[in-house]
Each structure stands twice: as structure tokens, then as C-alpha cells.
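The values are calculated or read from the model by the stated rules, or taken from the named source; none is laboratory data. Since this is a predicted model, take the numbers as computed values, not measurements. Every residue, glycine among them, receives a Cβ derived from its backbone with ideal geometry; neighbour counts consider all protein chains shown.
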Amino acid sequence: MKRIIPIILVGLLIQGCATTLKLEPVATNGQKEIFQEGVESVMSAKKALVAIRPLSNTYTSNVRPTIVVSVFNGTDTSFNFSTEDIQAFVDHKPLKVYTYEELAAEVKHRQACLALAAALQGVSRSMNAANAGNTYQSGNYNASVYGSNGYNAYGSGSYTGYTYNPAAAQQAQDAANAQTQAEMRNIKFETERALQGLSSTILKKTTVFPHSWYGGYVEFEKLEDLTQPHDINILVNASGEQHEFLFKQQKVQSK
């Protein structure tokens with residue numbers, strides 16, 4: 001625990017120092033600016049209609065930039081659509097686009113790490129519980145002995161030792177096991193909730209039927225230099241046509 005607490009404190013400090021950023025879409029080449037759920041968006045209309053926007057007006061540097069992509073199939077032919085049809089570039093350099101499978105694998109890896117940490121803490125608690133039945137005792141004594149021959153003997157000294165209470169040890173062990181099991185259940189619950197969140201929001205490979213909509217969230221890797229503004233170009237391929245979008249990312253100035 002002594003090693004874990006400083007790590008938690010460092011994490012809190014990092015979160016406290018997070019930079020607030022704005023990802024602003026810019027309409028180009030006849031694109032139309034619209035609003036979706038209060039967030040500025042850009043719509044590009046060809047055979048398929050593509051609307052794109054940031055997940056929110058602002059976000060913090062300790063999370064990945066996320067956009068929402070929606071496509072409408074205006075043709076009479078179905079096409080498949082996924083993150084494989086989306087490319088991203090920051091200042092003309094490739095920017096990683098995360099697939100649903102990669103994000104789900106991250107969640108499961110995080111679960112494994114947390115479960116291992118909980119198990120190690122459980123071992124430590126179990127060892128401490130095993131010693132809970134031991135009670136250390138010490139003190140001083142004075143004694144006198146009367147012999148049959150009329151002689152008396154006197155003595156004094158000190159003593160130390162341990163006594164063992166198996167009931168106390170078992171109670172401590174039960175409490176340690178219960179805490180470990182509760183932590184494991186919580187880790188499993190949070191993991192399942194995170195996976196459900198990904199499944200219901202992240203863009204996954206889907207067949208878009210004629211005159212139907214489909215969309216989802218798309219995450220990109222974090223940008224390294226946040227002190228300078230950046231141009232982010234998003235290329236979306238839908239129904240065999242390419243739609244190019246421009247975003248301006250910049251730091252939000254504190255008031």
C-alpha cells in the first residue's frame with residue numbers, strides 16, 4: 001500500500017494538470033456547418049452523406065480525442081463501413097485510429113492488471129490475518145516459596161511470550177478474503193460496464209443498407225505537442241467516395 005499511494009497521488013496530480021483542448025471542425029469545399037446535440041458539426045454530401053463532429057465542445061489532454069461519424073447511404077447499393085474507412089493526419093502526419101477490437105483489448109488488459117494487483121494485496125492481507133491470532137504478552141513477576149524446613153525463597157523477574165487465539169485469526173482471515181472478493185467483483189463489474197459502453201458507442205464494422213444511417217464514436221491517439229495549434233485532417237471513405245474534413249485543435253485559454 002505504501003508504494004501504491006504515491007502512484008495514486010501522481011495520477012491525481014497528472015489529472016489536475018490536464019490541459020483543456022478544443023477540436024473545432026472547419027467547413028471546406030462546399031461542406032455545410034450544422035449542429036448536432038449542441039456541438040458544431042460539418043456535413044459532406046455526395047452519394048453518401050457524411051456528418052462529423054467532436055464528441056464534445058472541449059476535452060482534456062488526459063483522454064484521447066474522439067469524434068462522432070455518421071453516414072447516410074443515399075444509393076441503392078449497400079456498403080460496409082468501419083474504422084478501416086477512416087484515416088487521420090495531424091499536420092500531414094498519420095494519426096492512429098483505434099478500432100473497437102483494440103479498445104476492447106485495452107479494457108481487458110487493464111482488468112488483468114487490476115486483478116493481479118488485487119490478488120497481491122489479498123495475499124498481503126491473508127498473511128497479516130494469519131498473525132492476527134498471536135498476542136504478545138510481557139510483564140514482571142515477584143514470587144516467594146516457603147519450604148517445610150522453615151526456609152523462605154524469594155524471586156523476581158520478567159517474562160515475554162505469545163498466545164494464539166485461533167478464533168481471532170479465522171475472523172481476520174474471513175474479513176481479508178471478503179475484501180479481496182469484493183475488489184475482484186468490483187473490477188469485473190467496472191470492466192463489463194466499460195465493454196458495454198464501447199459496444200454501444202464505438203464505431204464497428206457494419207453494413208449500411210440503402211437509405212439508412214449508421215454512426216459511432218472514433219478515437220485517435222493523443223497528440224504529443226499541445227502547446228501549439230494543430231490541423232487534423234480526417235478522410236472518410238463511404239460508398240467508394242472520399243470525404244475530407246478539417247479540424248483545428250488548440251488549447252483553450254483560461255480566463
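Miscellaneous remarks
- Here THR83 passes the criteria (1) modelled with pLDDT of 95 or more; (2) touching an Asp or Glu at 6+ places or on another chain (Cβ under 7 Å) except the one numbered (2).
- Residues within region 5-45 that are at pLDDT below 95, over 19 Å from ASP231 (Cβ atoms) and of a type in the set (D, E, K, R), tallied: 1
- Meets criteria (without any contact (Cβ under 8 Å) to a residue 24 or more places away in the chain, assigned by TED's automatic domain parsing to the domain that holds THR227, of a type in the set (Ser, Thr, Tyr) and in contact with a strand residue (DSSP E or B) (Cβ under 9 Å, 6 or more places away or on another chain)) for SER44: no
- Residue in region 72-84 that is farthest from THR19 (Cα to Cα), counting only those that are out of contact with any helix residue (DSSP H, G or I) (no Cβ under 9 Å at 6 or more places or on another chain) and of a type in the set (Val, Ile, Thr): THR77
- Within this structure, GLU244 fails the test of being among the charged types (D, E, K, R) and more than 18 Å from PRO54 (Cβ to Cβ).
- Qualifying residue in region 115-137 (condition: within 30 Å of LEU203 (Cα to Cα) and at pLDDT 85 or above): yes
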